[in-house]
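Worksheet: one structure, shown below.
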Amino acid sequence: MKLDVFRSTVIVLLVTTVIAACAPQTPATPTVDVIGTTAAQLAAEMLTQTAGAVTPTPIPPTETATPAFTDTPSAPTEKPQINPPRLIAQTGCWTGPGDSYTLISNIELNQQGRKNVIILGIGSEPGWIVIRNPYFNNPCWVKLESMEIDPNMDMTQFPVMTPGP
């Protein structure tokens with residue numbers, strides 16, 4: 001009897017396996033790697049692309065104007081060398097035009113009888129120039145007659161200045 005039960009059990013298992021193997025199966029849903037797939041497609045496209053075809057004939061050159069040369073070269077436009085403005089006489093340096101204003105300092109000349117100065121402006125009173133005081137670095141007024149100014153210096157570049165109170 002044991003043998004019959006064993007045979008019956010084996011037969012049932014075999015039949016169940018055969019039926020299960022023949023039964024229609026539901027397909028498993030595949031998982032899609034969207035990023036990986038896109039990257040693989042892009043790489044495949046890049047590897048299979050070709051460069052543009054070479055044209056068999058060159059592109060014709062465009063017309064360009066040929067410069068005309070003259071026999072005489074043009075003169076260079078160099079600015080003339082301008083000497084710095086300088087005092088040529090010992091003078092007072094005032095807060096305004098004249099001795100009615102406060103005297104800031106007397107400007108001494110060097111051994112050659114000159115003193116280079118920096119012009120800040122043209123005095124609003126005729127005959128006066130406003131310079132940077134060489135001792136105190138503040139503006140002060142000196143008489144134009146005590147200065148030597150290069151005639152090539154453009155005096156219009158300087159503002160017209162009026163004295164303070």
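Below is a table of values for the structure above.
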{"quantity": "Selected residue (criterion: farthest from the chain's Cα centre (by Cα)) from residues of segment 116-165 that are among the β-branched types (Val, Ile, Thr) and within 20 Å of Ser100 (Cβ to Cβ)", "calculated": "Val142"}
{"quantity": "Count - residues of segment 69-96 that are in a loop (DSSP other than H, G, I, E, B) and either modelled with pLDDT of 65 or more or within 30 Å of Ile149 (Cβ to Cβ) (or both)", "calculated": "16"}
{"quantity": "Selection count where residues are outside any loop (DSSP other than H, G, I, E, B) and touching a Ser or Thr at 6+ places or on another chain (Cβ under 8 Å), scope segment 124-140", "calculated": "1"}
{"quantity": "Residue selected from segment 126-137 under the condition touching a residue at least 24 places away in the same chain (Cβ under 8 Å), surrounded by 14 or more Cβ atoms within 10 Å (Cβ to Cβ) and out of contact with any helix residue (DSSP H, G or I) (no Cβ under 8 Å at 6 or more places or on another chain), by the criterion farthest from Val160 (Cα to Cα)", "calculated": "Pro134"}
{"quantity": "Every residue from segment 141-151 that is in contact (Cβ under 8 Å) with a residue 12 or more places away in the chain and out of contact with any Lys or Arg (no Cβ under 8 Å at 6 or more places or on another chain)", "calculated": "Trp141, Val142, Lys143, Leu144, Glu145, Ser146, Ile149, Asp150"}
{"quantity": "Residue list for segment 149-161, filter: part of a strand (DSSP E or B) and surrounded by 13 or more Cβ atoms within 10 Å (Cβ to Cβ)", "calculated": "Met161"}
{"quantity": "Enumeration of residues in segment 97-115 that are without any contact (Cβ under 8 Å) to a residue 60 or more places away in the chain and either outside any strand (DSSP E or B) or under 37 Å from the mean Cα position of the chain (by Cα) (or both)", "calculated": "Gly98, Asp99, Ser100, Thr102, Glu108, Leu109, Asn110, Gln111, Gln112, Gly113, Arg114"}
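The values are calculated or read from the model by the stated rules, or taken from the named source; none is laboratory data. In this text, all values refer to a predicted model and were calculated from it rather than measured experimentally. Backbone-built Cβ (ideal geometry, glycine too); neighbour counts: all protein chains shown.
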